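Okay, so here's the structure we're looking at.
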């Protein structure tokens, strides 16, 4: 009997719809919230450039699902285990598979995902896949799987403007227990890289520093802690 591999089902506390600022992506958020309530398309494919929050949204959808035993599978972290990782998850309610492009060009994985897809859909359970490119550009070699990936509702996360990034930054800071005034947030956006992962890393640095030194987040404090990052 093959050894059972534990599935990565841990949901991080901040990965919820409430901690995601949609900006121009309100339609995407509405659709995924409906999917979590089992009220939307049976298969949704979400793609986005790195750092726009697709993994956050997959975990949030899984976390909010009204169906029992929802499953989040991050292939960028788990594909090293092999396709046996898929054993048994076709009986789950909602399955969210992140970074599906990781299996492109790997015949065993492509075959396994294809059969999993068919079994899961036969059970009339919803699916949510994600990638950094649209379905047609993933590079899947198995024609039947490539066709399946293009068969559902395809959504794209759009880049945020500076105002949306400021609001996202403020929401993230609030979820961390930080009081980020608007002038401090705008200073961060002017002086440091504006991609969201970098901004989150900066917030974590500031969170640790403010707790250690018992200081509020002010522009002089940011300059002292971050310098010319």
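Read-outs: derived from the displayed coordinates by stated rules, not from any lab. Not measured: the values here are computed from a predicted model. Using ideal geometry, Cβ is built from the backbone for each residue, glycine included, and neighbour counts are taken over all protein chains shown.
In degrees, nearest 10, range 0 to 90: what is the angle between the Cα axis of helix 182-191 and the longest Cα principal axis of the chain?
Roughly 80 degrees, rounded to the nearest 10.
Going by average Cβ density within 10 Å per residue, which order do the peptides 60-73, 171-184 take, highest to lowest?
The packing order, highest mean first, is 60-73, 171-184.
Given the options 150, 54, 165, state which has the largest fluctuation in a GNM of the chain using a 10 Å cut-off (strictly under) for Cα springs.
Residue with maximal mean-square fluctuation among 150, 54, 165: 150.
If I model a spin label as a point 7 Å beyond the Cα along the Cα-Cβ vector, how far apart are those points for residue 214 and residue 67 in nm?
Between residue 214 and residue 67, the label points sit 5.2 nm apart.
Using only Cα atoms and rounding to the nearest 10 degrees, what angle (0 to 90) does helix 196-213 make with the longest principal axis of the chain?
That helix lies at roughly 50 degrees to the long axis.
Per the helix-only calculation at 222 nm, which mean residue ellipticity applies to the chain, given -39500 (n - 2.57) for every DSSP H run of n ≥ 4 and division by its residues, nearest 500 deg cm²/dmol?
Helices in the chain give a 222 nm mean residue ellipticity of -13000 deg cm²/dmol.
Using r as the Cβ-Cβ distance of residue 205 and residue 181, and R0 as 22 Å, what FRET efficiency do you calculate, to the nearest 0.05?
0.80
When the gyration tensor of the chain is built from Cα positions, what are the square roots of 5 times its three eigenvalues, in whole Å, from largest to smallest?
Square roots of five times the eigenvalues give 37, 18, 17 Å.
Place a point 7 Å from the Cα of residue 174 along the Cα-to-Cβ direction; which residues of segment 43-57 have their backbone N under 20 Å from it?
53, 56-57
Between residue 189 and residue 34, how high is the FRET efficiency from 1/(1 + (r/R0)^6) when r is the Cβ-Cβ distance and R₀ = 30 Å? Nearest 0.05.
0.40
Working from Cα positions, state the angle (0 to 90°, nearest 10) between the long axis of helix 26-36 and the longest principal axis of the chain.
Its long axis makes an angle of about 50 degrees.
Provide the gained length on full extension for the span residue 108 to residue 80, in nm with one decimal, where the gain is 0.36 nm per separating residue minus the Cα-Cα distance.
8.9 nm
Where does each of 92-102, 198-208 land if you order them by average Cβ count within 10 Å, highest first?
Ranked from most to least packed, the peptides come out as 92-102, 198-208.
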